[in-house]
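A.B. asks: The structure under discussion is supplied below as structure tokens; questions concerning it will follow.
No lab work stands behind these numbers, since they all come straight from the coordinates. Note that the structure is predicted; figures quoted are calculated from it, not measured. Reconstructed Cβ throughout: ideal geometry from the backbone, glycine too, with neighbour counts over all protein chains shown.
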Amino acid sequence: MTKIVDINELENFVGEVTGTSEWFQVTQDQISLFADATHDHQFIHIDPERAADTMFGSTIAHGFLTLSMLSHLAIDCMITIPDPEMVINYGLDTVRFMSPVKVDKRIRAVCKLVDVQVKGAGKRALCKYDISIEIEGEKRPAMNAEWLMMFMAKKK
């Protein structure tokens with residue numbers, strides 16, 4: 001569940017895990033649709049029979065599919081401000097793909113707030129999150145990313 005705090009209180013949460021998302025199952029249909037959208041049709045993603053003979057034993061999600069799931073997974077575990085005018089994806093500082101996400105596995109995000117810069121006389125907050133995408137039943141995460149989000153307060 002998203003925690004809502006005043007923009008000037010965000011700094012109080014630096015260094016804290018702000019939440020963990022619900023589990024999300026990655027299906028072959030999602031992987032295949034992503035392959036079509038990105039024109040990345042490597043057999044390891046779309047051919048279950050060939051992929052079964054690899055070291056993975058099944059098809060795997062594209063790393064960029066896992067990365068793109070941040071928008072869905074992390075939104076529920078980030079801290080936000082009350083009734084923001086908008087929340088803008090400001091970019092990524094680092095991304096590391098550490099373990100493959102096999103078809104039908106479930107993933108979730110764990111969010112930790114690592115930096116806050118309040119700008120514009122308290123109208124904007126640039127927040128940096130360290131986000132780990134965990135795979136259910138696995139010790140190593142699928143991915144770690146430092147994600148920057150700009151929270152914009154409504155103009156009064």
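A.B. asks: Looking at region 3-152, send over the antiparallel percent of its DSSP beta bridges, to the nearest 5.
C.D. replies: Beta bridges within region 3-152, antiparallel portion: roughly 95 percent.
A.B. asks: To the nearest 20 Debye, how big is the dipole of the chain about its Cα centre, given +1 on the beta carbon of each Lys and Arg and -1 on that of each Asp and Glu?
C.D. replies: 500 debye
A.B. asks: May I pose another question? Taking the dipole about the Cα centre of the chain, with the C-beta of Lys and Arg at +1 and of Asp and Glu at -1, give me whichever of ALA35, ILE131, ASN12 is farthest to the positive side.
C.D. replies: ASN12
A.B. asks: For Cα extents along the principal axes in Å, pick the label among [x] 65, 33, 21; [y] 58, 30, 24; [z] 57, 38, 31 that corresponds to the value derived from the coordinates.
C.D. replies: [y]
A.B. asks: Continuing with the same structure: As a footprinting exposure proxy, order TYR90, TYR129 by other Cβ within 10 Å, with the fewest listed first.
C.D. replies: TYR90, TYR129
A.B. asks: Take LYS105, LYS139, LYS112, LYS3 and order them by how many other Cβ atoms sit within 10 Å, fewest up front.
C.D. replies: Lowest to highest Cβ neighbour count: LYS139, LYS3, LYS112, LYS105.
A.B. asks: Which residue, VAL103, ALA142, VAL116, has the largest displacement toward the positive end of the dipole of region 83-156 when charges sit on each Cβ (Lys, Arg +1; Asp, Glu -1)?
C.D. replies: Of the listed residues, the answer is VAL116.
A.B. asks: Going by Cβ distance under 4.7 Å, what cysteines of the chain have no possible disulfide partner?
C.D. replies: For the chain, the answer is CYS127, because their Cβ atoms have no other cysteine Cβ under 4.7 Å.
A.B. asks: For a Förster distance of 22 Å, can you work out the FRET efficiency between the beta-carbons of ILE75 and GLU16, rounded to the nearest 0.05?
C.D. replies: 0.80
A.B. asks: A further question follows. Ranking VAL116, VAL26 by Cβ neighbours within 10 Å, fewest first, what do you get?
C.D. replies: Listing VAL116, VAL26 from fewest to most nearby Cβ atoms yields VAL116, VAL26.
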